[in-house]
Each structure stands twice: as structure tokens, then as C-alpha cells.
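The values are calculated or read from the model by the stated rules, or taken from the named source; none is laboratory data. Predicted model only: the values in this text are computed from it and were never measured. Cβ placement follows ideal geometry from the backbone for every residue including glycine, while neighbour counts extend to all protein chains displayed.
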Amino acid sequence: MISLKPLSTVHINTIGKQLVSSDKKGKVPFLNGAAMLFERKNSYISECINDFYDAYDPKKFGSVGPDLLWNTYKRINNSDSIKGFFPS
């Protein structure tokens with residue numbers, strides 16, 4: 001990621017998101033991980049690491065990318081500490 005604005009305006013424990021849209025498979029997860037900023041030992045990232053092995057599918061694009069981030073987020077519903085953002 002290249003930022004032309006200071007990152008001091010970005011909240012810590014933040015993950016990039018995209019607009020929810022439809023494709024052939026249905027809804028696209030909105031947490032895409034294009035940009036992530038987390039404090040050390042963040043519980044969400046720890047959960048993603050724990051879910052990595054079960055989520056890995058070499059035949060499915062994004063299984064340990066956007067799908068992993070979105071499915072872990074939905075599972076733990078940790079909305080108080082994770083904020084999505086669009087760089088503006």
C-alpha cells in the first residue's frame with residue numbers, strides 16, 4: 001500500500017474493506033485485507049492464524065485471504081475492536 005496521507009489518521013486494529021457486490025458465487029466478502037494495521041498480539045489476528053489450517057483449500061482462490069478474514073470476523077463478531085476503512 002502506498003499512502004499519500006499520514007497514517008496517523010488511521011485507527012489501530014483496522015482492516016481494509018470493499019463495497020459488498022455480487023459475482024457468480026454470490027456476495028463478495030467486504031473485508032479484503034488489502035490494508036491492515038493491527039497492534040501486537042491482536043486477538044483477531046491470532047484467531048485468523050488459528051483458523052488458517054482449517055480454511056486452506058488449494059483449489060479455492062482466496063481461501064486463506066479475504067475468505068479467511070471475513071469468515072473469522074463473522075465467527076468471532078469482534079466489531080468493537082476491528083474497523084474497516086476506505087483510504088480517502
Are there any pairs, at least 6 apart or on different chains, whose C-beta atoms fall under 7 Å, with the first in the range 29-44 and at pLDDT below 85 and the second among the basic types (K, R) and surrounded by 17 or more Cβ atoms within 10 Å (Cβ to Cβ), and if so, which? F30/K17; L31/K17; N32/K17
Inspect the range 57-78 for any residue being exposed (fewer than 14 other Cβ atoms within 10 Å of the Cβ) and at pLDDT below 75 and give the result as yes or no. yes
